[in-house]
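So the structure is just underneath, and the comments pick up after that.
The values are calculated or read from the model by the stated rules, or taken from the named source; none is laboratory data. Remember, predicted model here, so these are calculated numbers, not experimental data. Quick reminder, even Gly has a Cβ in these numbers, built from the backbone with ideal geometry, and neighbours come from all protein chains shown.
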Ligand code: SF4
Ligand code: SF4
């Protein structure tokens, strides 16, 4: 739980203004930013974004530097706004202050809280497992973390014995839960169709025996999708992600076969075969340096028939290489998002269409809960390597220092707990004082993992911040659209409530 220091009227003056003047381990009470033609306020303890107008933005800028009385004096002396506007803004900020705008949330977590949450995490039933059916692949994608991050020998294909142990363990650990989930991963999982077939049949048998339902998901490069696999996908309604990096000139360059041949035609044929039987297919495209024009990629994937488009960027925390996105690439992605993609997405929404590429947060966290866990690592995303070794998630497979046990004994809970203790120690200095914590909840553990089994500090905060700001803007624009144009998109308007503040401010200014 977050310990709120509720701002009392008396101490607002003494507290406001310190945030930019001293290095503090506290997060700021609020954060203001501009994006395109809008200005925003984010209240860090209420976890809410507001769209605000120029006078309010300026006054809050002053409040970041000066105590509120001093800020008020400066605001009035500057004479940038009429007396009425200045007065209404000051009044509003005073009211917001009483409601906690200057409340400083506490994102630290005590050892006792940490241990309690770890205990809960590792005594609860276990319902998800990922199986690396094949640690090898028929493609040699230039950015693949499987080849660049692992330091263990490739363990090849998973045997039925290992798959059986994994599935037996999962059912045994699932307690009274009616649902279990199994994800098939690789390398390329379809290089091991016999174990895939076995895993499905065996898990179905256990499901029948124990009265449970199994949910399957899989990530594949599409080159080996045949009728039998497509039947499985259809019959059990697999969650599915297909990797394809764009049109032939990009995909073939980034993802040649192991013997250096083009792979686009085989992937496209398999995916088209799948699309003939299943309507919803998600593509994951990995962008490498130098990043291509994203809108061209999006149009290509739309024309291909994908129903959802995910564009990832290449980073490699362990062995950086020339295909990794550079700082310039990230700037270019940001420019493209701002100038091309957001206008494209908003146009789609305006005409009642759902953009197939929509990476912006559809919901913002509304509680600043301090959880020590970023994700399912060492829990729901635990991955069984082809030889039965266990890893925090599929991205760690083959990294010796990150093993967390073996499926014959189950996960080593002490290693799992230590993973999260070490993670928290590595990020606390940065994350506990970050305005974004409630939305971000820390970096992807793999992205700060090092080969020796330790974590570095968060590395991609700038990208996370830009993404969050874009999301706030897009959701604000989406709310404006939904107010006037009925669309097919379901709007969960509780998460960003930009309009509330703007309306108040504008009303007062009129
Ligand atoms: S990872 Fe970076 S952006 Fe996210 S909460 Fe931590 S410091 Fe903030
Ligand atoms: S967030 Fe990172 S560490 Fe966690 S499951 Fe995803 S890739 Fe793995």
Among the residues of the range 470-481, which ones are under 18 Å from residue 366 (Cβ atoms) and either touching a strand residue (DSSP E or B) at 6+ places or on another chain (Cβ under 8 Å) or assigned by TED's automatic domain parsing to the domain that holds residue 362 (or both)? 472, 475, 476
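Which residue, of 116, 121, is over 30 Å from residue 202 (Cα atoms), under 26 Å from the mean Cα position of the chain (by Cα) and modelled with pLDDT of 95 or more? Can you show your working first?
Numbers: 121 fails: over 30 Å from residue 202 (Cα atoms).
Within the list 116, 121, the selection yields 116.
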Check on residue 504, at pLDDT 90 or above, surrounded by 17 or more Cβ atoms within 10 Å (Cβ to Cβ), away from ligand 1 (no atom under 16 Å from the Cβ) and part of a helix (DSSP H, G or I): no
Can we say residue 237 is at pLDDT 95 or above and under 22 Å from residue 157 (Cα atoms)? no
If you check residue 172 against the conditions, is it surrounded by fewer than 18 Cβ atoms within 10 Å (Cβ to Cβ), in the same structural domain as residue 257 (by TED's automatic domain parsing), without any contact (Cβ under 8 Å) to a residue 12 or more places away in the chain and more than 21 Å from residue 230 (Cα to Cα)? yes
Is there any pair with a first residue in the range 388-401 that is farther than 12 Å from residue 451 by Cα and in the same structural domain as residue 131 (by TED's automatic domain parsing) and a second that is in a helix (DSSP H, G or I) and within 7 Å of ligand 2 (Cβ to nearest atom) whose Cβ atoms are under 7 Å apart and which are 6 or more apart or on different chains, and what are they? 392/445; 393/446; 395/446
Within the range 352-361, the count of residues that are in contact (Cβ under 8 Å) with a residue 24 or more places away in the chain and either more than 16 Å from the chain's Cα centre (by Cα) or in a helix (DSSP H, G or I) (or both) comes to 4
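Based on what the data block shows, is residue 273 out of contact with any helix residue (DSSP H, G or I) (no Cβ under 7 Å at 6 or more places or on another chain) and either assigned by TED's automatic domain parsing to the domain that holds residue 224 or within 29 Å of residue 451 (Cα to Cα) (or both)? Quick ask: steps written out before the conclusion?
Details: out of contact with any helix residue (DSSP H, G or I) (no Cβ under 7 Å at 6 or more places or on another chain): no; either assigned by TED's automatic domain parsing to the domain that holds residue 224 or within 29 Å of residue 451 (Cα to Cα) (or both): yes.
No; evaluated as a whole, the condition is false for this residue.
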Residue 428 on the phi < 0 side of the Ramachandran plot, within 18 Å of the chain's Cα centre (by Cα), more than 16 Å from ligand 2 (Cβ to nearest atom) and modelled with pLDDT under 95: no
Residues satisfying the stated conditions in the range 438-464, i.e. near ligand 1 (Cβ under 9 Å from one of its atoms) and assigned to a helix (DSSP H, G or I): 438, 439, 440, 448, 461, 462, 463, 464
Modelled with pLDDT of 95 or more and within 16 Å of ligand 1 (Cβ to nearest atom) - does that describe any residue in the range 397-417? no
Got a number for residues in the range 43-59 being under 18 Å from residue 480 (Cα atoms) and part of a strand (DSSP E or B)? 5
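Answer with yes or no whether residue 461 is within 14 Å of the chain's Cα centre (by Cα) and surrounded by fewer than 17 Cβ atoms within 10 Å (Cβ to Cβ). Show your work before the answer.
On the way: within 14 Å of the chain's Cα centre (by Cα): yes; surrounded by fewer than 17 Cβ atoms within 10 Å (Cβ to Cβ): yes.
Considered against the rule, which asks whether it is within 14 Å of the chain's Cα centre (by Cα) and surrounded by fewer than 17 Cβ atoms within 10 Å (Cβ to Cβ), residue 461 comes out as yes.
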So, in the range 438-467, exactly how many residues are within 16 Å of ligand 2 (Cβ to nearest atom) and either within 19 Å of residue 27 (Cα to Cα) or out of contact with any helix residue (DSSP H, G or I) (no Cβ under 6 Å at 6 or more places or on another chain) (or both)? 20
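Residue by residue, here is whether (1) assigned to a helix (DSSP H, G or I); (2) away from ligand 1 (no atom under 16 Å from the Cβ); (3) buried (at least 21 other Cβ atoms within 10 Å of the Cβ) holds:
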site	(1), (2), (3)
363	no, yes, no
370	no, no, yes
374	no, no, no
380	no, yes, no
428	yes, no, no
Within the range 289-331, the residues that are within 30 Å of residue 277 (Cβ to Cβ) and in a helix (DSSP H, G or I) are 294, 295, 296, 297, 298, 299, 300, 301, 302, 303, 304
